[in-house]
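**Q** Take a look at the following structure, please.
The values are calculated or read from the model by the stated rules, or taken from the named source; none is laboratory data. Remember, predicted model here, so these are calculated numbers, not experimental data. Cβ placement follows ideal geometry from the backbone for every residue including glycine, while neighbour counts extend to all protein chains displayed.
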Amino acid sequence: MDTSNKIEDTNENKIIEIPLIIQVKELAEKLGKPVVEVISELLKNGVMATINEDIDYETAAIISEEFGFTAKEALEDGESNRRTIADLDSDEEKTESRPPVVIVMGHVDHGKTSLLDAIRKADVVSSESGGITQHIGAYQIEKNGKKITFLDTPGHEAFSTMRARGTQVTDVGVLVVAADDGVKPQTIESINHLKSANLPFVVAVNKIDKPGADIEKVKQELSEHKVICEDWGGDVVLIPVSAKTKEGIDQLLEMILLISDMKECKANSKGRLWGTIIESHLDKGRGPTATLLVQNGTLKVGDYVVCGSIYGKIRVIENSNLKKIEEAIPGMPVRIWGLKDLSDVGELLEGVKSEKEAKAEVSERKHFESLKNLKERKNIGVKGISDKIKEGKVKELKVVLKADVKGSLEALNMSLNKLNTNEVAVNLIKEGLGEISESDVTLAGDDAIVIGFKVGISLAAQKSSEKHKTEIRLYDVIYNVIDDIKEALTALLPKEIIEKEMGKGKILKVFKSGKNDMIIGAKLINGKVNKEMEVKLEKEGNLTYGKIVGLKIVKDNVSEVSGDKEFGINISGISHLEEGDELVFIIKEEKVRNL
């Protein structure tokens, strides 16, 4: 038979890139169609839009398909420019050792600042209001010829957000527990943050000089929260210290250096400049000021920088002793002036070559943010997290669990852990008693959910959940909690794919063999074939699958072929078919699995 003209070469796919938001006239230009036709098609789909109105990507994609185009979401420049430390770090050649960055955490009254005073040999406690840290918040000291940078995150609840951010830029943690007071709620909160950040940490049991000091009791209380000290068979180093007598300070610093040596903290002082904002506030005399931890490159007075959606030129740099300096290298905490506005704590600061480049990058970021705000964005819930896991963005279902009493908490913990399998699991990143707080929401972020059982939500937590797009779910029946989480985990199980054979065909002639597609003439042996099916080829023990791009009988395009007929078929994904090969036409069905 002559099938040389039975199917068109569809190798040229009409693909267009469309941004998140696009004007109707811009879409018409991309499609090469009159605006009137595009508006008419929109009306057919129930969308009232004029020539200058914006429509979202989903709507534009549907209209594009009506005109024979395949839409692809365009990557906005602002999104590509919004880098993370991981992005920058992966491209940078680390050539030099840098000081380890240590985060000091613990209960508000357990002597964190006094311990830092002992380490720095400087008295700042007397100048602070209410015992809450209100200074630069970061210091650098020297021990055995090596420098160590300390971040002092206050234990007060008002600064929980900064503490959660701080664990993301540090190398070692120091958990301060008072020997005469033991584990307190903020101690537990600190443990959760350290574990969530996968940060190695040392326990400094402070105030061992006090009459009521009981180190063994502290070890017992820590073990209840899965912090097991070395002499109890665990892997956590516990060092008794006294900020007052200086006992144990040298051992603490030596242990920090040992851990940091094992981690091999390195950076490149000559590489690209970046760092993280530790604190930020408005100075009445100097304007916006920020405490920056330099993590790579060298920060110099006069440098242009970009920080989130703001930029600036560095006018003043002060070290942790508040002395003006001209430059700062990796591992140094400094206070800077020159940003145009207040930056968010935890924001990434990057160096750029010029003010022009800074303005352009910030403009692109603001543009992208405005586009995202035009789209309706729902809070991340169980379904949203399930989608993220399936996309490989989240490895597990993270949960922050709060309950009214310890009995309820233990029952929920046990029930949720029973749902875990070798494929899906619940990760309880924090559990505790009492109402849902702002720090709970901060810890959860946008890739975990907060579950409250017979508890309320603080106003600060509600506001924080809106900011972080965090889902908070409240329950008063345990079975409802289990059912919802089980449903979420079930959705995450890999689907079982079942192949159903719909027909077979034999290749009569190969007309075109491209790199990724083929056009052939074939004869249907049995069953049927349509464009919704896939092609399976078993050859020399190997299985290959392809998609059906087009079907023709003689010169006519058809959607399905059945009966004892010859037809033309365009297949993508297979490039090694030969005359005489047998094709199997299949459909794939997903079978939902249950836990």
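**Q** The conditions are (1) touching a helix residue (DSSP H, G or I) at 6+ places or on another chain (Cβ under 8 Å); (2) at pLDDT 85 or above; (3) closer than 30 Å to V345 by Cα, and D447 fails exactly one of them. Which is it?
**A** For D447, the failing item is (2).
Here's the yes/no breakdown for (1) modelled with pLDDT under 90; (2) acidic (D, E); (3) touching a Ser or Thr at 6+ places or on another chain (Cβ under 7 Å):
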{"site": "S190", "(1), (2), (3)": "yes, no, no"}
{"site": "K195", "(1), (2), (3)": "yes, no, no"}
{"site": "L199", "(1), (2), (3)": "yes, no, yes"}
{"site": "I208", "(1), (2), (3)": "no, no, yes"}
{"site": "E221", "(1), (2), (3)": "no, yes, no"}
{"site": "W232", "(1), (2), (3)": "no, no, yes"}
{"site": "T245", "(1), (2), (3)": "no, no, no"}
{"site": "L252", "(1), (2), (3)": "no, no, no"}
{"site": "G271", "(1), (2), (3)": "no, no, no"}
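**Q** Still on this structure: Taking the condition of being surrounded by fewer than 22 Cβ atoms within 10 Å (Cβ to Cβ), over 19 Å from S260 (Cα atoms) and either modelled with pLDDT of 85 or more or touching a Leu at 6+ places or on another chain (Cβ under 7 Å) (or both), how many residues in region 91-116 meet it?
**A** Looking only at that region, the number is 1.
**Q** Kindly establish whether E471 is within 30 Å of G445 (Cβ to Cβ) and surrounded by 13 or more Cβ atoms within 10 Å (Cβ to Cβ).
**A** So E471 passes the test.
**Q** Same structure, new question: Hand me the list of strands (runs of 3 or more DSSP E) wholly inside region 490-551 holding 3 or more residues that are of a type outside the set (V, I, T), closer than 30 Å to V424 by Cα and in contact with a strand residue (DSSP E or B) (Cβ under 9 Å, 6 or more places away or on another chain).
**A** In region 490-551, 496-513 are the strands (runs of 3 or more DSSP E) which contain 3 or more residues that are of a type outside the set (V, I, T), closer than 30 Å to V424 by Cα and in contact with a strand residue (DSSP E or B) (Cβ under 9 Å, 6 or more places away or on another chain).
**Q** Among V345, V241, V316, which is modelled with pLDDT of 90 or more and surrounded by 15 or more Cβ atoms within 10 Å (Cβ to Cβ)?
**A** Residue meeting the stated conditions: V241.
**Q** Out of (1) out of contact with any Phe, Trp or Tyr (no Cβ under 6 Å at 6 or more places or on another chain); (2) of a type outside the set (D, E); (3) at pLDDT below 90, what's the single condition that is false for P330?
**A** (3)
**Q** Condition first: more than 22 Å from T170 (Cβ to Cβ), outside the structural domain of E355 (by TED's automatic domain parsing) and in a loop (DSSP other than H, G, I, E, B). Can you find one or more residues in region 247-258 that meet it?
**A** Checked against the condition, which is being more than 22 Å from T170 (Cβ to Cβ), outside the structural domain of E355 (by TED's automatic domain parsing) and in a loop (DSSP other than H, G, I, E, B), region 247-258 yields at least one hit.
**Q** Still on this structure, I have one more. Every residue in region 552-576 that is in a strand (DSSP E or B), among the acidic types (D, E) and without any contact (Cβ under 8 Å) to a residue 60 or more places away in the chain, please.
**A** D556, E560 - these are the residues of region 552-576 that are in a strand (DSSP E or B), among the acidic types (D, E) and without any contact (Cβ under 8 Å) to a residue 60 or more places away in the chain.
**Q** Give the residue that is modelled with the lowest pLDDT, with candidates limited to residues of region 577-592 that are assigned to a loop (DSSP other than H, G, I, E, B) and exposed (fewer than 13 other Cβ atoms within 10 Å of the Cβ).
**A** Within region 577-592, the match that is modelled with the lowest pLDDT is V592.
**Q** Could you list all residues from region 497-547 that are within 11 Å of F585 (Cβ to Cβ) and of a type in the set (G, A, S)?
**A** G503, G505, A522, G527, G546
**Q** Taking V549 as the residue in question, decide whether it is surrounded by 16 or more Cβ atoms within 10 Å (Cβ to Cβ), of a type in the set (A, V, I, L, M, F, W, C) and within 40 Å of the chain's Cα centre (by Cα).
**A** Taking the combined requirement at face value, the residue satisfies it.
Let's see how each residue does on (1) within 23 Å of N420 (Cβ to Cβ); (2) surrounded by 14 or more Cβ atoms within 10 Å (Cβ to Cβ); (3) under 25 Å from the mean Cα position of the chain (by Cα):
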| site | (1), (2), (3) |
| --- | --- |
| K454 | no, yes, no |
| E466 | no, no, yes |
| D476 | no, no, no |
| K486 | yes, yes, yes |
| T490 | yes, yes, yes |
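**Q** Oh, and also: Please find, among N557, N570, the residue that is surrounded by 14 or more Cβ atoms within 10 Å (Cβ to Cβ) and farther than 12 Å from L537 by Cβ.
**A** Just a single option satisfies the conditions, and that option is N570.
**Q** E128 is checked against (1) crowded, with 19+ Cβ neighbours inside 10 Å; (2) modelled with pLDDT under 85 and fails just one. What number does that condition carry?
**A** The number of the failed condition is (1).
**Q** Please count how many residues of region 224-238 are surrounded by 14 or more Cβ atoms within 10 Å (Cβ to Cβ) and either in a loop (DSSP other than H, G, I, E, B) or of a type in the set (V, I, T) (or both).
**A** Number satisfying all stated conditions: 6.
**Q** Could you please give the count of residues in region 285-313 that are part of a strand (DSSP E or B) and surrounded by fewer than 17 Cβ atoms within 10 Å (Cβ to Cβ)?
**A** 3
**Q** Would you call L282 in the same structural domain as D344 (by TED's automatic domain parsing), assigned to a strand (DSSP E or B), at pLDDT 90 or above and in contact with a Leu (Cβ under 8 Å, 6 or more places away or on another chain)?
**A** So L282 does not fit the description; no.
**Q** Going through L412, L419, L401 one at a time, which residue ends up being at pLDDT 85 or above and either assigned to a loop (DSSP other than H, G, I, E, B) or in the same structural domain as I191 (by TED's automatic domain parsing) (or both)?
**A** L419
**Q** Determine if region 63-83 includes at least one residue that is over 30 Å from T289 (Cβ atoms), part of a helix (DSSP H, G or I), out of contact with any helix residue (DSSP H, G or I) (no Cβ under 6 Å at 6 or more places or on another chain) and modelled with pLDDT of 70 or more.
**A** The answer is yes, given that some residue of region 63-83 is over 30 Å from T289 (Cβ atoms), part of a helix (DSSP H, G or I), out of contact with any helix residue (DSSP H, G or I) (no Cβ under 6 Å at 6 or more places or on another chain) and modelled with pLDDT of 70 or more.
**Q** Here's something else I'd like to know. Just to be sure, is I472 touching a residue at least 12 places away in the same chain (Cβ under 8 Å) and not in a helix (DSSP H, G or I)?
**A** For I472, the condition - touching a residue at least 12 places away in the same chain (Cβ under 8 Å) and not in a helix (DSSP H, G or I) - is met.
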